[in-house]
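Rule-based calculations on the coordinates, nothing more; no lab input. If you're wondering where the values come from, they're calculated on a predicted model, not measured in any experiment. When we count neighbours, we look across all protein chains shown, and the Cβ atoms used for this are built from the backbone with ideal geometry, even at glycine.
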């Protein structure tokens, strides 16, 4: 005879779980956040675009956090292990893409699990190293930039040392490949209207420019769906979060060392075109002048904003985009929802 179903978790237990998970996450960042810039650079050479590099780096950190909880003991070399996590994710993505391409003309066999078998992964890695320039660049950057041993690179790419040596021979000289020329496209009117409403601090107008069900996301932190009620915590934070930023040493939110003279004034919104794509830069006021601290990427459907991604806790990404645009910037670090600083 079966007993009654388990009671759903109470709000109190969910709150306790959330608090525990937050402590674990910040403990994880104590070790791995210092490696985040190197991880981004590695992912950048794999993916060839800053957007995909940031996505892969975010996914790698999330995968590393989850995987670490299942290990009997921490990795002896966190740096090399984090590169391996990123490499495995990349190889898996490419492998799945190739399977999907083959299935267009023939029925694809079901995958046994989300993690490829070692032999299949070795075969995929061998093919990638032999044929794909991103993997050649991966071998070069792991060796020449991060100074990993041949054996460590082979482990990270799930292949043999001889294959790594061959990839290094082919890949050197291709590390810095010119980006494809991207045609300049006109800026959609809704993006200009968004900036005008943002600079006027007109929240009602801002939300009227969002498609019903639009996704608003702080990359790597949180996301929400636009419900049409005019209430968006993320938009409100983008407009008025500078007040908390200017008092981070007292109110928390980010590490105080990233305040960098920030003033409690709403940021200024400006459209800039980067590689043919219009981006929305957020200029924050500081004691020594304005600097970009946030970048928004916008997707438009039917003349309205369908997705808005706010890159704020992504210092490597912001540095690269602002460096290419030639504009000043400031870092906010990687950590979000830091507790109020203790006295």
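Spatially, the range 56-108 and the range 211-271 are offset by 31 Å when compared through their Cα centroids. List residues of the range 259-273, by number, whose backbone nitrogen lies under 17 Å from a label position 7 Å along Cα→C-beta of residue 196. Label zone hits: 269-272. Taking 0.36 nm per residue of separation and subtracting the Cα-Cα distance, full extension of the segment from residue 103 to residue 225 would add 40.6 nm. The distance between label points at residue 304 and residue 26 comes to 3.9 nm (points 7 Å beyond Cα on the Cα→Cβ vector). With 0.36 nm allotted per residue and the present C-alpha distance subtracted, the residue 208-residue 33 stretch has 59.2 nm of extension available. Simple spin-label estimate for residue 170 and residue 67 gives 2.5 nm between the two label positions (7 Å along the Cα-to-Cβ direction from each Cα).
As an exercise, use a Förster radius of 35 Å and the Cβ-Cβ distance of residue 48 and residue 268 to find the FRET efficiency, rounded to the nearest 0.05. Given R0 = 35 Å and the Cβ-Cβ separation, E is 0.65.
By its C-alpha gyration tensor, with a ≥ b ≥ c as the square roots of the eigenvalues, how is the range 189-325 shaped: rounded for a/c under 1.5, else prolate for a/b larger than b/c, else oblate? Let's see the in-between values first.
Values: a/c = 1.72, a/b = 1.36, b/c = 1.26.
In terms of gyration-tensor shape, prolate.
Beta bridges per DSSP, both residues in the range 189-325: antiparallel share near 85 percent.
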